[in-house]
1. Would you check which residues across the range 52-90 are without any contact (Cβ under 8 Å) to a residue 40 or more places away in the chain, under 12 Å from PHE19 (Cα atoms) and β-branched (Val, Ile, Thr) and list them?
2. Sort through THR263, THR288 and tell me the only one that's in contact with a Leu (Cβ under 8 Å, 6 or more places away or on another chain), hydroxyl-bearing (Ser, Thr, Tyr), outside any strand (DSSP E or B) and crowded, with 20+ Cβ neighbours inside 10 Å.
3. Does at least one position in the range 232-253 carry a residue that is under 28 Å from ASN71 (Cα atoms) and either of a type in the set (A, V, I, L, M, F, W, C) or surrounded by 14 or more Cβ atoms within 10 Å (Cβ to Cβ) (or both)?
4. Sort out for me the helices (runs of 4 or more DSSP H) sitting completely within the range 1-98 that have 2 or more residues that are more than 21 Å from GLY214 (Cα to Cα).
5. Here is a list: ALA239, ALA228. Which entry is within 19 Å of the chain's Cα centre (by Cα), small (Gly, Ala, Ser) and part of a helix (DSSP H, G or I)?
6. Looking for something in contact with a Ser or Thr (Cβ under 6 Å, 6 or more places away or on another chain), surrounded by 19 or more Cβ atoms within 10 Å (Cβ to Cβ) and in a strand (DSSP E or B) - is there at least one such residue anywhere in the range 214-223?
7. How many residues does the range 136-188 contain that are of a type in the set (Val, Ile, Thr), modelled with pLDDT under 95 and either within 14 Å of the chain's Cα centre (by Cα) or assigned to a loop (DSSP other than H, G, I, E, B) (or both)?
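The values are calculated or read from the model by the stated rules, or taken from the named source; none is laboratory data. Quantities reported herein were computed from a predicted structural model and do not represent experimental measurements. All Cβ positions, glycine included, derive from the backbone under ideal geometry; neighbour counts span all protein chains shown.
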Amino acid sequence: MHIRDIFKLHRTTFSFEFFPPRSEQAAADLFVSISELQPLKPTFVSVTYGAGGSTRELTRDLVVRLESETNLDPIPHLTCVGHSEGEVREVLSQYAKGGISNILALRGDPPDNDHEYDWSQGSFRHAGDLVRAIKAFNDSGEHPDRRGFGIGVAGFPEGHPGTPNRLVEMEHLKAKVDAGADYICTQLFFDNRDFYDFRDRCRLAGIDVPILAGIMPITSMKGMKRMAELALGARYPAALLRALNRTSGKDEAVRRVGVHWATEQCRDLLDHDVDGIHLYTLNRSTATREIYKTLGVEDSHALA
């Protein structure tokens with residue numbers, strides 16, 4: 001379903017993110033998690049795209065499998081890194097023929113997080129360039145939906161790590177929306193005040209598309225440190241750190257604190273009329289199911 005239709009049907013969306021498995025066992029484990037999450041009837045699910053386009057085929061294969069074997073509505077990520085215009089058009093053409101309705105357009109990470117990466121290796125330097133390419137594909141009429149793909153872009157409540165000037169950062173985000181983006185999905189954050197301030201600044205800048213809040217429950221201390229690396233920096237509030245310190249690092253206690261914190265974030269976001277909550281599942285189901293249960297949500301359609 002086109003993302004614009006999704007937002008018309010749902011006052012608040014609930015969506016999940018998966019990453020493509022790299023082995024048969026990982027794929028089997030993921031589809032066990034998916035079988036446990038399907039009853040929650042998420043509004044849609046997204047599938048990540050590895051650094052440097054490293055999971056291009058794996059992402060496509062997972063998206064196709066989700067589309068054909070489940071009742072989930074998949075939204076693939078697509079990044080700029082190292083891709084020519086022809087390669088991007090080929091990917092879009094394959095997704096259009098496969099009945100995929102939406103794309104999440106990202107700048108993406110260079111291979112192995114190469115900080116000296118030469119962005120001239122590809123045809124796209126910024127996510128806005130990719131949005132314009134998708135919009136051009138839409139205008140070509142190749143997609144079976146006359147509107148073409150619905151387009152999502154990323155937002156950063158704590159600030160984009162590559163753009164220290166927050167005024168310039170907001171100009172870049174507005175440029176992506178003006179180029180054709182239908183919604184914004186945020187990077188993970190742990191203090192809702194950061195999200196509310198980001199949302200207010202978006203509105204002041206004239207950005208009026210839906211903004212989905214990215215939430216990732218902490219389930220281990222190792223995972224917490226890894227999150228900060230993947231997010232290129234994440235701010236952990238002192239209250240959260242105090243709660244984690246009380247666990248003495250015990251795995252189950254850390255998991256309970258992390259899930260409780262994420263649940264309270266979701267409750268508060270719902271109380272403040274968030275457009276949607278996007279849960280980073282790390283291909284597991286337990287934390288997401290516990291959050292739903294505690295919030296009293298039987299399935300995402302209860303929030304329609």
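1. Correct list: THR55, THR59, VAL63.
2. Result of the check over THR263, THR288: THR288.
3. Looking through the range 232-253, none of the residues is under 28 Å from ASN71 (Cα atoms) and either of a type in the set (A, V, I, L, M, F, W, C) or surrounded by 14 or more Cβ atoms within 10 Å (Cβ to Cβ) (or both).
4. Working: elements: 3-9, 24-37, 56-69, 85-97.
Helices (runs of 4 or more DSSP H) meeting the threshold: 24-37, 56-69, 85-97.
5. Values: ALA239 fails: within 19 Å of the chain's Cα centre (by Cα).
Being within 19 Å of the chain's Cα centre (by Cα), small (Gly, Ala, Ser) and part of a helix (DSSP H, G or I) holds for just one of ALA239, ALA228, which is ALA228.
6. Yes - at least one qualifying residue is present in the range 214-223.
7. Qualifying residue count, the range 136-188: 1.
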